[in-house]
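To start, the structure itself, in structure tokens.
The values are calculated or read from the model by the stated rules, or taken from the named source; none is laboratory data. Predicted model only: the values in this text are computed from it and were never measured. Reconstructed Cβ throughout: ideal geometry from the backbone, glycine too, with neighbour counts over all protein chains shown. Each accessible area value is taken on the protein alone, full model and side chains, heavy atoms only, with ligands, DNA and RNA left out. Shrake-Rupley method; radii C 1.70, N 1.55, O 1.52, S 1.80 Å.
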Amino acid sequence: MSIKSSLVKIAIKLTPNMLIVWVSNLILKGIAELTKFNFDVDARKIYVETRLYGEADTIEVCLEDFAIFNDGESYRFIIHHAKSDRPWLNNLLSRITGKAWKIPAIPQFAMQLEIIAELFKAKPTALEKIE
């Protein structure tokens, strides 16, 4: 792992979850409220609890085992496991998990994407699971 990707990993680990919740709630004002957030960069797990605007109950979403890889032509993003406490959202998540989604190439962000891809590179066994 390069020094740059190691620094990004440290920055992610040191960023307080409450700061992420606060900034997200500023951006999502009038749409949703982020109530809980946890990102384990080593285990590649993201847990989010949010309340949609006007709703009483929260929605939980957990993403696990995600990666970014280069297939030779472009970078791709894949989520191997995703679950929610809502059946309709589980149905939606089942349609996107296990598929490699192309990340549009933006020349200005090529270096940043390369660093993020190094940080979240796919494990060799994970690449075999791609449909």
Q) Working out 0.36 nm times the residue gap between Ser2 and Lys83, then minus their Cα-Cα distance, what length gain in nm do you get to one decimal? A) 26.0 nm
Q) Quick one: with all protein chains in place, what share of the accessible area of the chain is carbon or sulfur, to the nearest percent (1.4 Å probe)? A) 62
Q) Roughly how many debye, to the nearest 20, is the charge dipole of the chain about its Cα centre, given +1 on each Lys and Arg Cβ, -1 on each Asp and Glu Cβ, and no other charges? A) 140
Q) Between Asn25 and Ile115, what FRET efficiency comes out of the Förster formula 1/(1 + (r/R0)^6) with R0 = 30 Å and r the beta carbon distance, rounded to 0.05? A) 0.65
Q | Asp42 accessible area, 1.4 Å probe, all protein chains in place, Å² to nearest 10 | A | 90
(Q) Output the 0 to 90 degree angle, nearest 10, between the alpha-carbon long axis of helix 110-119 and the longest principal axis computed from the alpha carbons of the chain. (A) 80
**Q.** Rounded accessible area per residue of the chain, 1.4 Å, Å²
**A.** 68
Q: Please build a GNM for the chain, connecting alpha carbons under 10 Å apart, and tell me which residue among Ala67, Ala32, Ala110 fluctuates the most.
A: Ala110
Q.
Can you tell me which of Glu64, Glu73, Glu33 moves the most in a GNM of the chain? Springs connect C-alpha atoms under 10 Å apart.
A. Glu73
Q. When the solvent-accessible surface of protein heavy atoms is calculated with a 1.4 angstrom probe, in what order do Asp65, Asp40 fall, highest first?
A. Asp40, Asp65
(Q) Tell me which of Ala100, Thr35, Met111 sits at the most positive position along the dipole axis of the chain, charges placed on C-beta atoms (Lys, Arg +1; Asp, Glu -1). (A) Met111
